[in-house]
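Reviewing the structure listed below.
The values are calculated or read from the model by the stated rules, or taken from the named source; none is laboratory data. Keep in mind that this is a model prediction, so the values were computed, not measured. Positions of Cβ are backbone-derived with ideal geometry, glycine not excepted, and every protein chain shown enters the neighbour counts. Remember, those area values only see protein heavy atoms, side chains included, never the ligands or the DNA or RNA. Shrake-Rupley method; radii C 1.70, N 1.55, O 1.52, S 1.80 Å.
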Amino acid sequence: ASGDNGNILGTMQLLDGCQRSATVARVVVRSSAAVYGASGRGQTPCTEEREARNLPRSAYAHNAAEVEEHTGALARRRPGISVAVLRFASFIGPSVDTPLTRYFGLRLVPTVRGYDPSMQFIHEDDGVEAVRRMARSGSDGVFNVAGSGSLPLSQCLRRVGRRHVAMPERGLRMLGGLARRGKLDYSPEQLRLLCSDRVVDFSKLERELGWSPAYSSQEAFQSYLNERFGGRREHGATPPRGRPHRPRTA
């Protein structure tokens, strides 16, 4: 199941069907690290114990939080069903099409003046693998999923070869009305969610599954870069395509 804006109703219907079913034994729900909101500078990585609070004014973040609430209700009403929630960092990779990848594809990219957030990614292949492994496990609860490390937004834009213009918040609000026609919202709140300084700790996932994502955040971004922007590389980096997943030992 997913917390995306376009199919939240379908997710609710699916959870309702699971509650009514006498045969469903395991449910894995895809959520988003957006439920944590935007972290302030210098804060430690978000762990699963941090409550989903102080959300930005974003339908996506609120929908993800709402899906988690309904998932928790399912677990309470049907204690016989094993339930896991995966809070993913921003997906990226050769075939990913999201508001974030569309943002990177703009010819002139607006940014918030004085704000250069750290970006954390999860490669699309690692995302699929995390769901597969979690579905086959018996682990319950909430788990962060992300590649290790992070990149500054300014470095991401430099590597995709995009010019950017730093705008004050008032200018971004004026631009937002026009941008929404292209399915992008340039309000300061939306950009802070899209390009959040939020970094998550995914050690709980590693401990439970004995596995860690094969791609770091930088490698995942490089994989996207190679496919979408003609293989531009920084310092000779190459994506670890086909590299086996690294088991994590205790």
Just give me the residues in segment 115-143 being more than 24 Å from G37 (Cβ to Cβ) and among the hydroxyl-bearing types (S, T, Y), in sequence order.
S137, S139
Close pairs (6 angstrom Cβ cut-off, 6 or more residues apart or separate chains): in contact (Cβ under 8 Å) with a residue 24 or more places away in the chain in segment 107-120, among the aromatic types (F, W, Y) and surrounded by 13 or more Cβ atoms within 10 Å (Cβ to Cβ) anywhere:
P110/Y186
Given (1) modelled with pLDDT under 95; (2) crowded, with 23+ Cβ neighbours inside 10 Å, identify the lone condition not met by R180.
(2)
With segment 43-162 as the region, which strands (runs of 3 or more DSSP E) entirely inside it contain at least 2 residues that are open to solvent by less than 30 Å² (accessible area, probe 1.4 Å) and out of contact with any Cys (no Cβ under 7 Å at 6 or more places or on another chain)?
82-88, 108-112, 121-123, 141-145
Quick one: would you say S39 is in contact with an Asp or Glu (Cβ under 7 Å, 6 or more places away or on another chain), surrounded by 14 or more Cβ atoms within 10 Å (Cβ to Cβ) and at pLDDT 90 or above?
no
Does R198 qualify as being under 25 Å from T71 (Cα atoms), part of a loop (DSSP other than H, G, I, E, B) and at pLDDT below 95?
yes
